[in-house]
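Only the coordinates and a few stated rules stand behind these numbers; no lab work does. Since the structure is predicted, the reported quantities are computational estimates derived from the model, not experimental observations. Because the Cβ atoms are built from the backbone with ideal geometry, glycine has one as well, and the counts that use them run over all protein chains shown.
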Amino acid sequence: MTSAARSGRAAATLREAARAHERAAQDVSGLTRAAEAMVTALGQGRKILVFGNGGSAADAQHFVAELVGRYQVERRAWPAIALSTDTSILTALGNDYGFDRVFARQVEAHGAAGDIALGITTSGNSPNVLRGLETANQRGLVTIALTGRGGEAGRLARIHLAVEDDRTPRIQEVHITMLHILCEWVEDELNG
């Protein structure tokens, strides 16, 4: 591939990402509801459980790091757990209960009514994310699904943040922007 072709391809990808963000900007009501739920939960001393697979697991860890550490301002640490990070738990649960239950079982262990369960799945159909959201609903957690265009997760969650795209990279790029927006709004609200 020539340098000019690589440059053209890069520019096209950046334009695609910008269009995906523009579509997401058309309706931010879900983001507003998710931020309000998180502010309420954290303000009441509740915690946020976040889970997903692959790139979504990485996004879950990134989001939790921003909550426990800081996003843009110095403040107290907030209780948040990425359920995809403990290999001993994941492998034990996968072995003993099946991979579909690795998040559900952790929601049982760590989740309580009033906490937040944020499931991230670009397809909206990851079986272990669906089971995690189902368990969270049964236990009275506020459920949020961050998905691509379709899938069952949006129907299971109380709050659904959908990226209207079918391409995983574009969905993930908008997901991380949405997670940053949530961090910013929560910091603003809880720090005056």
Original post:
What are the residues in the stretch 110-139 that are under 24 Å from residue 55 (Cα atoms) and of a type in the set (A, V, I, L, M), if any?
Top reply: 116, 117, 118, 120, 129, 130, 133, 136
**OP:** Go through (1) closer than 19 Å to residue 179 by Cα; (2) assigned to a loop (DSSP other than H, G, I, E, B) and name the single condition residue 151 misses.
**Re:** (1)
Original post:
Any chance the stretch 58-79 includes a residue that's buried (at least 24 other Cβ atoms within 10 Å of the Cβ) and at positive phi?
Top reply: no
Subject >> Search result, residues across the stretch 15-40 that are more than 18 Å from residue 154 (Cβ to Cβ) and hydroxyl-bearing (Ser, Thr, Tyr) >> reply: 40
Original post:
Which of the following residues is among the charged types (D, E, K, R), within 29 Å of residue 170 (Cβ to Cβ) and assigned to a loop (DSSP other than H, G, I, E, B): 100, 27, 59?
Top reply: 27
Subject >> Any hit, the stretch 160-182, residues being touching a residue at least 24 places away in the same chain (Cβ under 8 Å) and more than 20 Å from residue 22 (Cα to Cα) >> reply: no
Subject >> Of the criteria (1) closer than 26 Å to residue 190 by Cα; (2) not in a helix (DSSP H, G or I), which one residue 66 fails >> reply: (2)
**OP:** Could you check, for the stretch 126-139, whether at least one of its residues is closer than 14 Å to residue 41 by Cβ, in contact (Cβ under 8 Å) with a residue 24 or more places away in the chain and small (Gly, Ala, Ser)?
**Re:** yes
Subject >> Criterion violated by residue 36 - all others in (1) charged (D, E, K, R); (2) in contact with an Asp or Glu (Cβ under 6 Å, 6 or more places away or on another chain); (3) surrounded by fewer than 16 Cβ atoms within 10 Å (Cβ to Cβ) satisfied >> reply: (2)
